[in-house]
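Heads up, the thing below is written out as structure tokens.
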């Protein structure tokens, strides 16, 4: 059986982003303070939110923040095409990403428990196991987020299409 877990965003990269960029700090603070989770955030929406808060931000600066969040593993930045807006698809709870960015990591805690093991119980609570009979006698299982979006499912399907091993 194969169980696939999406790893949480890299906390050290998030914290570095939080400190180095005032715009990233404002974005991450916004999500840390939200009560509801966002699965997708459009570029224009985030620019409007920050503008309402009195923070001047250009679209290009917001693109840079979304790309940095992508690099940190918080989700995927999608450039708008064919009438679709540029947007960020969150791989995990956006408010947790914001909170993780605000909280400095303790070197002692990181050394004592690897992040993958420390975060796995929390991840399992938000995941649903999906067994799939690949062929007779071979069943694989995917542990996927309970709130898996259509876009995420399409991305996963596209990834799986790249894996066949022809003999």
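Here is how the numbers come out for the structure above:
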quantity	calculated
Condition broken by residue 109, with the remaining ones in (1) touching a helix residue (DSSP H, G or I) at 6+ places or on another chain (Cβ under 9 Å); (2) modelled with pLDDT under 80; (3) surrounded by 11 or more Cβ atoms within 10 Å (Cβ to Cβ); (4) part of a helix (DSSP H, G or I) satisfied	(3)
Single residue of 57, 49 found to be outside any helix (DSSP H, G or I), over 13 Å from the mean Cα position of the chain (by Cα) and without any contact (Cβ under 8 Å) to a residue 40 or more places away in the chain	57
Residues located in the range 130-162, provided they are assigned to a loop (DSSP other than H, G, I, E, B) and within 30 Å of residue 85 (Cα to Cα)	146, 147, 148, 149, 162
Enumeration of residues in the range 117-137 that are modelled with pLDDT of 50 or more and farther than 21 Å from residue 149 by Cα	133, 134, 135, 136, 137
Test: residue in the range 62-73 that is under 30 Å from residue 131 (Cβ atoms) and surrounded by 16 or more Cβ atoms within 10 Å (Cβ to Cβ)	yes
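The values are calculated or read from the model by the stated rules, or taken from the named source; none is laboratory data. Quick caveat: nothing in here was measured; it's all calculated off a predicted structure. Every residue, glycine among them, receives a Cβ derived from its backbone with ideal geometry; neighbour counts consider all protein chains shown.
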